[in-house]
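Taking it in order: structure first as structure tokens, then the write-up.
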Amino acid sequence: MVKFYNSLGKEKQEFKPIADNQVKMYVCGPTVYDYAHLGNLRTYIFEDILRRVLELSGYKITEVMNITDVGHLTSDEDTGEDKIEKGAARENQSVWEIAEKYTKAFKEDLKELNIETPEIFSKATDHIEDQIEFIKKIEENGFVYKTSDGIYFDTSKLKDYGKLANLNVEGQLTGTRIEENKEKKNPADFALWKFSPTDHQRQMEWESPWGKGFPGWHIECSAMSTKYLGEQFDIHTGGVDHLTVHHPNEIAQSEAANGKIPANYWLHGEFLLEEGGKMAKSKGSFLRLSTLVEKGFEPLAYRYLALTAHYRSKLNFTWAGIEGAQNTLKSIRKLKDIETKLTTEQKTEYIQKIKDALNDDLDTPKALAILHQAQDFFLWQEFEPVFALDLEKQAKIPVEIEQKAKERDEARKAGDYAKADELRKEIEAAGFNLEDNSSGFVISKK
Ligand code: AMP
Ligand code: ZN
């Protein structure tokens, strides 16, 4: 039995999908105006574990992930610039080129982290008509009003707007505004459709019943989740920042359009912090997966690191942390050479304990602790479909190559660079990559 903490019910609940054995889930995807940072990727690792734990219980998953390529403004609300247009200006490229470049980079990151590909990727700009139709329904039901810059959702028309995060709508949301829009009727109201500005031409704009413009950020998720998963589906996920604005707004849109809360379970991943502060793309320079690779760490060491913290706990990124994760990963792979000492009964008992931990709101730290306690490669392999750390592939590095790498390391430390270079060439010619890091070296298959 899988149990989750559900933001909607405020407590751990047994998971019951709408249809037997089928799980429909919607994952709020990236805004593709820059590379993903390690924090964003932590959220997608959590969502991947969620999928894989459900698969372990025999569920068949249909996952939709959106790609936000229009309408997400810099304030995360309804003021400021469109992030994609801003990214395009920064790199002197078209918005379409920017969106394509960073969508591709994002998908590569997912692959490197062994994150299972969603059954459906849906781009906001491919679904403008669906979004217009959704807004029309909200309008027909009397939830919208017009201002000089767009069509807005009137949150006061819903009696319990903000229930997801227990929001104190009057007070809490006004404080977060960067630039207050004076024409809004209520502080929490949000744009469904924004008119194109009059002082400059946007690259992305469309005709609509309300005038030329572009969709507000939240409507894409309502329109696309309904299109691919139906008016009600099982699970909706995202980072914890979505708990207070984006997800309450998605719920409001669906309730206004069809009277239903779109998903039964809402799961939010906590933030990755960097030196105590939030990791954010808008900070300019940020840590990416490739930053780790450049420093000699494997992407999967980051996956491992992310799994050492519960998804609902904050995780502080440190270099010592990633180094520790890389070393642990190496030591797990080495267990392959040690024969199992566990009896069949012990194996069964351990397997059950690990499953129980994973099924209990995805308690990966507990599951990992049990695996480390057992020290048995058989068990790690058994849970490879969930943890996906490429244990087999990496463990197959031949002894001669390991030996050569050690000799090269010694030669390098002794200052014999000619010998070290020669050995590196031999290792690479045999089809392996060798990367140095502060704790030694990492060998991987090319
Ligand atoms: P964005 O590309 O900004 O739309 O964000 C993509 C996903 O990453 C969303 O689910 C965010 O909630 C999540 N996210 C943003 N910052 C962090 C962070 N520091 N740690 C974990 N997740 C984050
Ligand atoms: Zn969303």
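Annotation: of all residues in the stretch 243-290 being touching a residue at least 60 places away in the same chain (Cβ under 8 Å), of a type in the set (Ser, Thr, Tyr) and within 15 Å of ligand 1 (Cβ to nearest atom), the one that is least open to solvent (accessible area, probe 1.4 Å) is THR244. THR348 meets each of the listed conditions (1) assigned to a helix (DSSP H, G or I); (2) under 29 Å from VAL2 (Cβ atoms); (3) touching a residue at least 12 places away in the same chain (Cβ under 8 Å) apart from (3). Of the candidates GLU81, GLU139, GLU129, GLU133, the single residue that is without any contact (Cβ under 8 Å) to a residue 60 or more places away in the chain, away from ligand 1 (no atom under 15 Å from the Cβ) and surrounded by fewer than 18 Cβ atoms within 10 Å (Cβ to Cβ) is GLU129. Taking (1) within 27 Å of the chain's Cα centre (by Cα); (2) open to solvent by 40 Å² or more (accessible area, probe 1.4 Å) in turn, ASN359 satisfies each apart from (2).
Scan (1) assigned to a helix (DSSP H, G or I); (2) closer than 24 Å to LYS123 by Cβ; (3) within 19 Å of the chain's Cα centre (by Cα) for the single condition GLU97 breaks and write down its number. Against the list (1) assigned to a helix (DSSP H, G or I); (2) closer than 24 Å to LYS123 by Cβ; (3) within 19 Å of the chain's Cα centre (by Cα), GLU97 comes up short only on (3). One residue is enough: does the stretch 231-241 have a residue meeting the conditions modelled with pLDDT under 95, surrounded by 18 or more Cβ atoms within 10 Å (Cβ to Cβ) and away from ligand 2 (no atom under 13 Å from the Cβ)? Checked the stretch 231-241: no residue is modelled with pLDDT under 95, surrounded by 18 or more Cβ atoms within 10 Å (Cβ to Cβ) and away from ligand 2 (no atom under 13 Å from the Cβ). If I go through the stretch 51-77 residue by residue, how many of them are open to solvent by less than 10 Å² (accessible area, probe 1.4 Å) and either farther than 17 Å from TYR26 by Cβ or within 13 Å of ligand 1 (Cβ to nearest atom) (or both)? Residues in the stretch 51-77 being open to solvent by less than 10 Å² (accessible area, probe 1.4 Å) and either farther than 17 Å from TYR26 by Cβ or within 13 Å of ligand 1 (Cβ to nearest atom) (or both): 9 in total. Within this structure, ALA165 fails the test of being within 24 Å of GLY239 (Cα to Cα), modelled with pLDDT of 95 or more and out of contact with any Cys (no Cβ under 9 Å at 6 or more places or on another chain). For the stretch 357-366, indicate whether the set of residues that are β-branched (Val, Ile, Thr), assigned by TED's automatic domain parsing to the domain that holds GLU294 and free of Cβ contacts under 8 Å to residues at least 12 places away in the same chain is non-empty. No: the stretch 357-366 contains no residue that is β-branched (Val, Ile, Thr), assigned by TED's automatic domain parsing to the domain that holds GLU294 and free of Cβ contacts under 8 Å to residues at least 12 places away in the same chain.
The set of residues in the stretch 9-42 that are in contact with a His (Cβ under 9 Å, 6 or more places away or on another chain) and not in a strand (DSSP E or B) comprises CYS28, TYR33.
If you take the residues in the stretch 3-50 that are away from ligand 1 (no atom under 16 Å from the Cβ) and within 30 Å of LYS83 (Cα to Cα), which one is surrounded by the most Cβ atoms within 10 Å (Cβ to Cβ)? Among residues in the stretch 3-50 that are away from ligand 1 (no atom under 16 Å from the Cβ) and within 30 Å of LYS83 (Cα to Cα), the one surrounded by the most Cβ atoms within 10 Å (Cβ to Cβ) is LYS24.
The values are calculated or read from the model by the stated rules, or taken from the named source; none is laboratory data. In this text the structure is predicted, and so the values were computed from the model without any measurement. Here Cβ is always computed from backbone atoms with ideal geometry, including for glycine, and neighbour counts include all displayed protein chains. Ligands, DNA and RNA are excluded from the accessible area calculation, which covers all protein heavy atoms including side chains. Shrake-Rupley method; radii C 1.70, N 1.55, O 1.52, S 1.80 Å.
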